[in-house]
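Enquirer: Supplied in structure tokens, the structure appears directly below.
The values are calculated or read from the model by the stated rules, or taken from the named source; none is laboratory data. Bear in mind that the values here come from a model prediction, so they are computed numbers and not experimental data. FYI the Cβ positions are ideal-geometry reconstructions off the backbone, even for glycines, and counts take in every protein chain you see.
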Amino acid sequence: MGDYIVRAAAANTQIRAFAAVTTDLVEEARQRHGTSPVATAALGRLLTGGAMMGSMMKNATDMLTIQIKCSGPIGGLTVTADSQGNVKGYVHDPEVILPPKNGKLDVGGALGQGVMTVIKDMGLKEPYSGQTILQTGEIAEDLTYYFATSEQVPSSVGLGVLMEKNNTVRCAGGFIVQVMPFIEDEVLNKLEENIRNIQSVTSMLDNGHTPEEMLSQVLEGLDLEITDTMPARFYCNCSKERIEKAIISIGKKDIQSMIDDGEDIEVKCHFCNTAYNYTVEELKELLKKSR
Ligand SMILES: [Zn+2]
């Protein structure tokens with residue numbers, strides 16, 4: 001069973017919900033970036049939240065970016081997702097190591113204080129952008145706060161990444177549940193009661209629960225209806241041509257100094273860590289295109 005996202009409604013559309021299993025894509029991110037366990041957990045949670053938030057957008061070309069700038073040793077994280085289940089991302093310092101906190105990976109300690117920016121590019125003149133202060137740095141709480149303050153949508157976000165002893169990803173996934181403004185008190189009370197009583201996302205996943213089963217626990221007794229399911233994957237659309245544009249944009253002076261060094265250069269894509277090589281001859285061509 002690969003990674004996928006489910007979209008659902010409950011209580012006669014008074015609630016909308018998303019859930020995902022992202023074990024494979026988080027493991028792929030870990031391998032590509034060589035992330036430490038705490039960095040894998042942080043990136044994995046944000047990739048999972050990003051993939052679900054991407055699936056909330058309507059058009060195939062819509063793009064969502066979540067950027068965290070923070071003072072903790074991880075330095076920052078960036079995740080980009082589309083509406084089709086494709087997601088990619090990176091952390092500034094993939095090698096950050098911290099002692100565990102209460103027996104768990106200290107994601108909040110790795111992030112520290114900071115700001116989260118959510119940018120939605122939906123093909124309009126100006127992309128939508130919302131910025132919030134990190135609440136705990138544990139990411140799920142920070143996304144909950146973002147939804148409440150920036151989008152005015154009360155939400156409950158659960159995200160989890162569990163590591164194997166050998167530091168590969170054992171399981172990853174999460175859910176987002178959002179209530180509509182017209183929600184009835186008794187429905188809201190029942191939802192709040194459910195959320196108080198559920199296990200953690202990592203326990204649910206580790207016990208073999210699918211995204212559908214996670215939602216049936218969160219939305220127990222609330223007439224859950226799964227509306228659709230889509231595969232999710234780590235995907236980067238970089239190419240040698242795209243990286244070339246980035247090199248051209250650094251300017252003639254810097255390209256000339258690379259040429260003067262007389263050696264081939266390697267440029268890595270931030271998002272997926274794929275390396276692209278450019279010979280001195282190719283750099284000379286790029287110099288001509290540069291301003
Ligand atoms: Zn890439």
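Enquirer: Taking residue 192 as the residue in question, decide whether it is away from the ligand (no atom under 16 Å from the Cβ) and part of a loop (DSSP other than H, G, I, E, B).
Expert: Against the criterion (away from the ligand (no atom under 16 Å from the Cβ) and part of a loop (DSSP other than H, G, I, E, B)), residue 192 does not qualify.
Enquirer: So residue 225 clears everything in (1) touching a Lys or Arg at 6+ places or on another chain (Cβ under 6 Å); (2) within 24 Å of residue 57 (Cβ to Cβ) except one condition, right? Which one?
Expert: Status for residue 225: all satisfied but (1).
Enquirer: Additional query: Any residue in region 109-125 that's on the phi < 0 side of the Ramachandran plot: show its pairings with residues that are acidic (Asp, Glu) at Cβ separation under 6 Å, as long as the two are six or more apart or on different chains.
Expert: Cβ pairs passing all conditions: 116/142; 122/62.
Enquirer: Give just the number: which of (1) basic (Lys, Arg); (2) touching a residue at least 24 places away in the same chain (Cβ under 8 Å); (3) more than 21 Å from residue 40 (Cα to Cα) does residue 170 not satisfy?
Expert: Tallying (1) basic (Lys, Arg); (2) touching a residue at least 24 places away in the same chain (Cβ under 8 Å); (3) more than 21 Å from residue 40 (Cα to Cα), residue 170 fails exactly one: (3).
Enquirer: Here is a follow-up. For region 268-287, name all the residues that are in contact (Cβ under 8 Å) with a residue 12 or more places away in the chain and within 16 Å of the ligand (Cβ to nearest atom).
Expert: 269, 270, 271, 272, 273, 274, 276, 277, 278
Enquirer: For the subset of region 236-291 comprising residues that are aromatic (Phe, Trp, Tyr) and not in a loop (DSSP other than H, G, I, E, B), which member is farthest from residue 86 (Cα to Cα)?
Expert: This residue is 278.
Enquirer: Can you tell which of 244, 225 is farther than 30 Å from residue 159 by Cα and either assigned by TED's automatic domain parsing to the domain that holds residue 29 or not polar (S, T, N, Q) (or both)? Don't jump to the end; show me each part of the working.
Expert: Values: 225 fails: farther than 30 Å from residue 159 by Cα.
On inspection, the qualifying residue turns out to be 244.
Enquirer: Restricting to region 240-264, name every residue that is in contact with a strand residue (DSSP E or B) (Cβ under 7 Å, 6 or more places away or on another chain), of a type outside the set (A, V, I, L, M) and within 14 Å of residue 284 (Cβ to Cβ).
Expert: 264
Enquirer: Moving on to the next point. Only one residue in 87, 96 is out of contact with any strand residue (DSSP E or B) (no Cβ under 7 Å at 6 or more places or on another chain) and modelled with pLDDT of 95 or more. Which one?
Expert: After ruling out the rest, the residue left standing is 96.
Enquirer: If we scan region 237-245, do we find a residue that is within 16 Å of the ligand (Cβ to nearest atom), touching a helix residue (DSSP H, G or I) at 6+ places or on another chain (Cβ under 6 Å) and of a type in the set (Ser, Thr, Tyr)?
Expert: No, region 237-245 contains no residue that is within 16 Å of the ligand (Cβ to nearest atom), touching a helix residue (DSSP H, G or I) at 6+ places or on another chain (Cβ under 6 Å) and of a type in the set (Ser, Thr, Tyr).
Enquirer: Between residues in region 222-242 that are in contact (Cβ under 8 Å) with a residue 40 or more places away in the chain and residues that are of a type in the set (Asp, Glu), which pairs lie under 7 Å by C-beta distance while being six or more apart or on different chains?
Expert: 226/212; 231/3; 232/3; 233/3; 234/28
Enquirer: Suppose the filter is in the same structural domain as residue 27 (by TED's automatic domain parsing) and of a type outside the set (Ser, Thr, Tyr); does residue 258 pass it? Before the answer, list the steps.
Expert: Values: in the same structural domain as residue 27 (by TED's automatic domain parsing): no; of a type outside the set (Ser, Thr, Tyr): yes.
So residue 258 fails the test.
Enquirer: How many residues are buried (at least 20 other Cβ atoms within 10 Å of the Cβ), in a loop (DSSP other than H, G, I, E, B) and hydrophobic (A, V, I, L, M, F, W, C) when one looks only at region 131-167?
Expert: Residues flagged as buried (at least 20 other Cβ atoms within 10 Å of the Cβ), in a loop (DSSP other than H, G, I, E, B) and hydrophobic (A, V, I, L, M, F, W, C) within region 131-167 amount to 2.
Enquirer: Residue check: is residue 51 crowded, with 24+ Cβ neighbours inside 10 Å, farther than 30 Å from residue 188 by Cβ, in the same structural domain as residue 226 (by TED's automatic domain parsing) and in contact (Cβ under 8 Å) with a residue 60 or more places away in the chain? Walk me through how you get there before you give the answer.
Expert: Numbers: crowded, with 24+ Cβ neighbours inside 10 Å: yes; farther than 30 Å from residue 188 by Cβ: no; in the same structural domain as residue 226 (by TED's automatic domain parsing): yes; in contact (Cβ under 8 Å) with a residue 60 or more places away in the chain: yes.
Judged against the criteria, residue 51 is not a match.
Enquirer: Within region 168-180, is there a residue that is in a loop (DSSP other than H, G, I, E, B), under 20 Å from residue 22 (Cβ atoms) and not charged (D, E, K, R)?
Expert: Yes; the residues of region 168-180 include at least one that is in a loop (DSSP other than H, G, I, E, B), under 20 Å from residue 22 (Cβ atoms) and not charged (D, E, K, R).
Enquirer: Check off (1) loosely packed, with under 13 Cβ neighbours inside 10 Å; (2) more than 13 Å from the ligand (Cβ to nearest atom); (3) within 28 Å of the chain's Cα centre (by Cα); (4) modelled with pLDDT under 95 for residue 207 and give me the number that stays unchecked.
Expert: (4)
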